[in-house]
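Working notes, beginning with the structure itself.
The values are calculated or read from the model by the stated rules, or taken from the named source; none is laboratory data. Just so it is clear, the structure is predicted and the values come from calculations on it, not from any experiment. Every residue, glycine as well, gets a Cβ built from its backbone with ideal geometry; the counts of neighbours run over all protein chains shown.
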Amino acid sequence: MFTFTVCSRVVHPTLLNGFLSSLKAFREQNPEWNYEVVRHDNAHLTLLDFTAYDTLTDISAAEYESLCRPGEGTALVMLSACQEKLAHQLMRSYRCSLLCVDERLLELRELIKHSLKKQRYISAHFLRLQEQEQENNITDGMIFTDAEKKVLIGLKSGKTGIELSREMFRSQKTISTHKRKIMFKLGVKNDLQLRKAIQKLQPPQ
């Protein structure tokens, strides 16, 4: 029988009891599997409760040490849905897993699988935040000329090359050249990929 070990640094008893109840239900559905709460950080998963914190400067030295455990996904940080800023900080700077305590569904099987493989698990709410941030940052490191920015804005608003040509007082060939350069910078190869990429862009600065 396999035993999944958990070390808890969760202060809030409701959060801990809820998580342990999920483990118990999972054990009942999987007789070949068991779990054990241990007191050392060599567990498969260390639970951290950050629901009362605003920033990473609020955490204790012991929590910081657990957060920096070797191996991706070996620490699971519990956060509320409203703690988006802290979630962003953790996703950018650390390799911990993230669990939104306000979500109704806990994908425990996926969490356990990721933990055993030392892979990061991110619950659906924070995963959407991560995807949104990646989409918003799609132009990081890219430099567009003023003309390319105007073409980008125009294409994003649904204007055609002919309309942009008239609006910018440039030939259609010039607009096409700007468009090809934009496609190259965005790493897309056809108009369909370009439309999808453009819809994810923030307005060029």
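Pick from ARG109, ARG104: which is at pLDDT 90 or above and either more than 18 Å from the chain's Cα centre (by Cα) or surrounded by 18 or more Cβ atoms within 10 Å (Cβ to Cβ) (or both)? Selected residue: ARG109, the only one of ARG109, ARG104 that is at pLDDT 90 or above and either more than 18 Å from the chain's Cα centre (by Cα) or surrounded by 18 or more Cβ atoms within 10 Å (Cβ to Cβ) (or both).
Number of residues in segment 31-57 that are touching a helix residue (DSSP H, G or I) at 6+ places or on another chain (Cβ under 9 Å) and of a type outside the set (A, V, I, L, M, F, W, C): the value is 10.
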